Amino acid sequence: MVSLETEHENDYIKRIKEQFKDKIIGIRKLYDDQWLIITEKDYLRDVVRYLADINSSTEIHIATMVGSDERPIRGKMSVTFWMNVIESGSSSFVGIRAYLDEDDLEYESIAQDLPGADWYEREIHEMLGITPRNHPNLKRLILPDDWPEGAYPLRKDFNYSESPAKFPGYSFTYKDSSCAIVPLGPYHISLDEPAHFRLYVKGEEIIGCDYKGFYSHRGIEKLAESRLTYEQVNFIAERICGICGYTHSTAYCQAMERIAGIEVPERAEYIRTLLLEIERIHSHLLWLGIASHLVGLESGFMDAWRIRERIMWLAERLTGNRKTYGMNLIGGVRRDLLDYRKDLVMKTIEKVKEEYTQFVEKLKSNRSFIRRCEDIGVLPYDKARAYGVLGPTGRGSGRKIDTRKDHPYASYKDVDFNIPLYKDGDVLSRALVRIEEVLESIWIIEQLIDSMPGGDIIAEYTEIPQFSEGLGYTEAPRGENVHYVMTGEKNVVYRFRVRAPTYANLQAVPKMLSGYTIADAPLIIASIDPCYSCTERVTIIDVKSGKRRTLSEDEFNMLSIKASRRRS
Amino acid sequence: MITEVITIIISILLITIFSVILEGIRSKVKALLQMREGGEITHEIYDLFSLLSMKGVLPTRTSLIHVLTPYMTFSLSVALGLSVPFGLMSVMGGDILVVILVVLAVAFIASVPSMVISNIYANIGASREVILVSTGLMPLVVACSSFVIKFGTLSIVDIAKSITLSLSDIMAICVIGYAVYVLSEFTPFDISRSETEIINGVLSEYGGRLLGLMEWSLYIRRFSLIMFFSTFLAAPLIGKIFGFSSILSHFLTLLLQIVFVVSYYMIASMVEERHARARVDHVIRLNGVFVLVGLISVVLSLIGM
Amino acid sequence: MVRVITVKYPLKEAKAPEEYRGIPYIDPQRCIGCGACRNACPPNAITREIDLEKGIKRIVLDVGRCIRCGRCEEVCPSGAIKLTNVFEAASRQRENHVEIVELKLLRCSRCGKYTEFTERQVMLALEILPREVLEVEALDKRIWLCRDCRRETALSDAVDKEWKWYYGKLVKSIWE
């Protein structure tokens, strides 16, 4: 194939072409800011590594990695690493793809160079059967412990409602027999959702940590590919997360609108931006409450959530529901903001700002709280960049990234706002980043209400091209959220890949935990604002991970039976 | 004779029932400060009764000691309560040394069996409890020794009767007030049962009646310590006005003690609300600071100030 | 004395605001049984059952599966299904969550079998089609038949019509 030359070709793509010459099979420009480089699978690692190291002063990280079973279309499977190259004014997503034949599903692992690629490769290995050679830690990530080998759920010949036979076995990698083990999870009071952080401690100091998660894997990607139409995927995307659901719905819509070439009316974009910022405020207030609760400051928790209630009531009056707004359709929004609601928004935001500033003053002057947050869970800048840590976690460690400024979407190019940046990388920096972001969001909402244009709220569309691909991206409260969509035939999506920000952030948590005490562990884990549902997009499967440390399965069963008898 | 009997009955009622009502008052004050309804004042009593009516759930792989621990802790706490003065007399001696030793005994009996259970959360909670009580008793011991040196007696009531407004006495009372706060495990210091870190800490392996008894013992310990502290405030005040010999002054002291206890709980819940939980190293450091203050008080009392 | 913002729900009543999207309710007088809501529903909470023996079509709404998105309300042609304000949907019996609307299927006036569409669908179609554009008698003949009968009569009617046209022309030419 001949490479496509255009005038606006990216500087980095030119350099990749020069460096690798004929090893690049093709270069395609999908949209203004999305490029695709196709290479042989033997050079996949080299190209990705070259791009990641191309400029140490630019922020580059893995946006998402998509493995797709394209055997019905072209007889091969594909692996694509989408890199987010951030430069002021001309950021872009560069995808590096390799096609793999069915009988040779192997490539050289990239996790050896980029620690942030670890989980992506593990996932592609167990969901599609593609093996990354020399991966440092090729263990099961998503599927439950009793899932048999050889059953790959995301392959097209695997039906979404199949349930393979049971097959036990999971082992933790980190072993240190001199340490005591504190199992934080799967059910623990400090975790909102099930996750297992296995802490190896000496006294109260944490020496090491092993993570096993994906207890709430629901199979959303497979569902979207089997029994939902394009419009219906909006609603399941909204339910990926209970805190940032609207960003997922918007990212999916933006991917589809890119693919179909639909131009969303300006008023719809303003409404979308307004709701996105409302979501950000509520999410950050929720986090402030949880962080206070985890260190024992109950008044912080009650205050933060009391202020948050105003935002929830506002959302209920605007959209009909406190959290699942249900406002997006491909091409725009479903309901309009009438004039009386504009007044309502302004009044609520005024009250929230007043109460919030008082609350933040009180929190920042609370020495016992600051003492629990300072110098805890430090993640230095170079580690943050290597793992590709996103959102307030990344900005607290000095990474200057924000999808709203780097890849402007919706109506963010029309509003003015700052990005708070802190260099220390501890829990306090992340808290301060979130605190300031709320004030920025309030400022954005004020600007939006002032200058909301008139017009339509939804654009009509007739046809969506088949088998086209595209990325949709938003800045969720936790970081950059990337959806990859490839359309299929008969109004059904062919491949839907959701990469939530917590997916990248959670990989760095074991590094953040070592050296601190057990008392700090819940706070450090909570400081990345983990949204396990976003990460896992999962089904609720019953997991019994074999033998526990203290109880064997029989004893556990006996206790449960006894307990249920006592209650009746 | 009659006064003694009445006092004993009142003290038993206060120790067993009023301590739980005070917990309810504490949580209601916290709720109102946080602008919410909260539970009724009597909800703690209701919870306690429902726990006590359930069959006790045993921890895993236990021996007899684990079943007996809640009963032993409970009886020791009641003993602590009875050895603290109610009014101007106390049922079981009213000795400072007894109070200090029983506090230590309660902490050890409650936590040492938890160190043997194979639940890591119970182990961590137990070790924190032992650290907290041992380091929290140190300021208490030092401050009490300042009194003992000055007044030459170990009886709490006698000390309380002779307290003056001198600098060493005031410092000593402040240190005792702080130490009582620490030993009662109010929020900056509730590290042995911090819910979000180690689930229920020391008590994580107990359920049903056993849990009810353990919680009750901790409430009683808290109440007794605060009663102990309020003796030092109530007795001198009543003594200045009414003297120490009549029955009236005895019952008035008792009444004033109860008033001080209730206000201590309310002030404590206000302080609790504003503070985050401390870490173990912070606790040790803070206790060390107050040991120093207590030592200064000792020095001052030796000089005669 | 002290400002308190919590409410002792459920001992005190709580009402949702009017914009709230609660559980849907199908007005049985207005539903025509077209099934547009069934196509649009993302979690497949609305299903339909067709009984060709008895001539009944059922639209079954399961509130337990409903996600309150409101797509059904948007696509309903007769405004029958609407989202109410009710959010308290808890019940001890699962059957209380199911709402069923039964409609009569159209019986073909020629062969007597039941069709797959309901009488009301036909009535609605008649209402909304503009009279001026169509031949009302031709429509009336066709509209009460099932699909097979329509196909069959279409042919015989057309032949009939051709024959009548030729006959008319013949009479006219003789006359002239």
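Couple of notes before you dig in:
- Of all lysines in the structure, those lying under 20 Å Cα to Cα from B:K161, and not within fewer than 8 positions of it along the same chain, are B:K150, B:K240.
- The HN-Hα couplings worked out from phi for segment B:100-113 by the Karplus form 6.51 cos²θ - 1.76 cosθ + 1.60 (θ = phi - 60°) are 4, 5, 5, 4, 4, 5, 4, 4, 5, 5, 6, 9, 4, x Hz, whole numbers, x standing for Gly and Pro.
- Over all pairs of different C-alpha atoms, chain C has a mean inverse distance whose reciprocal, the Kirkwood radius, equals 20.3 Å.
- C-alpha long axis of helix B:120-151 to longest principal axis of chain B, angle in °: 10
- Cα-centred dipole magnitude for chain A, charges only on beta-carbon of K, R (+1) and D, E (-1), debye, nearest 20: 1760
- Neighbours of C:T47 by Cβ distance under 10 Å: Lys/Arg scored +1, Asp/Glu scored -1, total +2.
- Residue-count net charge about C:R107 - beta-carbon cut-off 9 Å; Lys, Arg +1, Asp, Glu -1: +1
- Axial C-alpha extent at least 20 Å, average Kyte-Doolittle at least 0.0 - helices from chain A (DSSP): A:266-294, A:427-450
- Taking every alpha-carbon pair under 8 Å whose residues sit at least 6 apart, chain A reaches a relative contact order of 17 percent.
- Chain C, helix-only ellipticity at 222 nm - DSSP H runs n ≥ 4, -39,500 (n - 2.57), divided by all residues, nearest 500: -10000 deg cm²/dmol
- Listed by chain and number, the lysines whose C-alpha is less than 20 Å from the C-alpha of A:K423, apart from same-chain residues fewer than 8 away, are A:K364, A:K383, A:K400, A:K405, A:K511.
- Relative to the 2.2 N^0.38 Å rule of thumb, segment B:17-96 has a C-alpha radius of gyration ratio of 1.47.
- Ordered by the number of other Cβ atoms lying within 10 Å of each residue's own Cβ, fewest first, B:M1, B:M171 fall into the sequence B:M1, B:M171.
- B:V202 sits among other residues whose Cβ lies under 14 Å from its own Cβ, and their net charge, with Lys and Arg +1 and Asp and Glu -1, is -4.
- The largest-to-smallest principal axis extents of the Cα set in segment A:220-536 are 59, 43, 29 Å.
- Ranked by how many other Cβ atoms sit within 10 Å of their own Cβ, fewest first, the residues B:F290, B:F223 fall in the order B:F290, B:F223.
- Computed on the Cα atoms alone, the convex hull of segment A:51-145 gives a volume of 113 cubic angstrom per residue.
- Segment A:11-169 - Rg and Dmax from Cα coordinates, angstrom: 16.7, 52
- Ratio of Rg to Rh over segment A:273-337 (Cα coordinates, Kirkwood Rh, two decimals): 1.10
- Integer Hz, Karplus 6.51/-1.76/1.60 couplings in order for segment B:18-26, x for Gly and Pro: 5, 4, 6, 5, 4, 4, x, 4, 4
- Viscosity 1.567 mPa s, temperature 4 °C, Stokes-Einstein D of segment A:217-310 from Kirkwood C-alpha radius, µm²/s: 84
- Cβ-based charge dipole, the protein assembly as shown, positive-most Cα from A:I13, C:C72, B:G294: B:G294
- A:D157/C:A154 FRET efficiency (R0 60 Å; Cβ-Cβ; nearest 0.05): 0.85
- To the nearest ten degrees, helix B:167-183 and the longest principal axis of the Cα atoms of chain B are 10 degrees apart.
- Here's the list of lysines a cross-link from A:K222 could span, going by alpha-carbon distance under 27 Å and ignoring same-chain residues fewer than 8 apart: A:K41, A:K76, A:K139, A:K156, A:K166, A:K212, A:K323, A:K490, A:K544.
- Candidates per GluC sites (Glu not before Pro) in segment A:1-101, loop by DSSP, up to 10 other Cβ within 10 Å: A:E5, A:E7
- Taking amide H positions as modeled 1.01 Å from N, with prolines and chain starts lacking one, the residues under 5 Å from B:G207 and 5 or more places away or on another chain are B:V57.
- For segment B:65-81, Karplus couplings with θ = phi - 60° (6.51, -1.76, 1.60), whole Hz, Gly/Pro x: 4, 6, 6, 7, 3, x, 5, 5, 4, 5, 5, 5, 5, 5, 4, 4, x
- At most 16 other Cβ within 10 Å, DSSP loop - GluC sites (Glu not before Pro), segment A:175-279: A:E263
- Based on Cα atoms of chain B, Rg over Rh with Rh as the Kirkwood radius reads 0.97.
- Loop sites in segment A:27-62: trypsin sites (Lys or Arg not before Pro), DSSP, at most 11 other Cβ within 10 Å: none
- Helix B:209-242 and the longest principal axis of the Cα set of chain B meet at an angle near 10°.
- Rounded if a/c under 1.5, otherwise prolate or oblate - chain A, Cα gyration tensor axes: rounded
- Three-way shape call for segment B:15-163 based on the alpha-carbon gyration tensor, with the a/c threshold at 1.5: oblate
- Helical content alone sets the calculated 222 nm signal of chain A at -12500 deg cm²/dmol, taking -39,500 (n - 2.57) per DSSP H segment of four or more residues and averaging over every residue.
Readers should treat all values here as calculations from the given coordinates under stated rules, not as data from a laboratory. Just so we're clear, the structure is a prediction, and the values are computed from it rather than from any experiment. In this analysis, Cβ positions are derived from the backbone assuming ideal geometry, glycine residues included, and neighbour counts consider all displayed protein chains.
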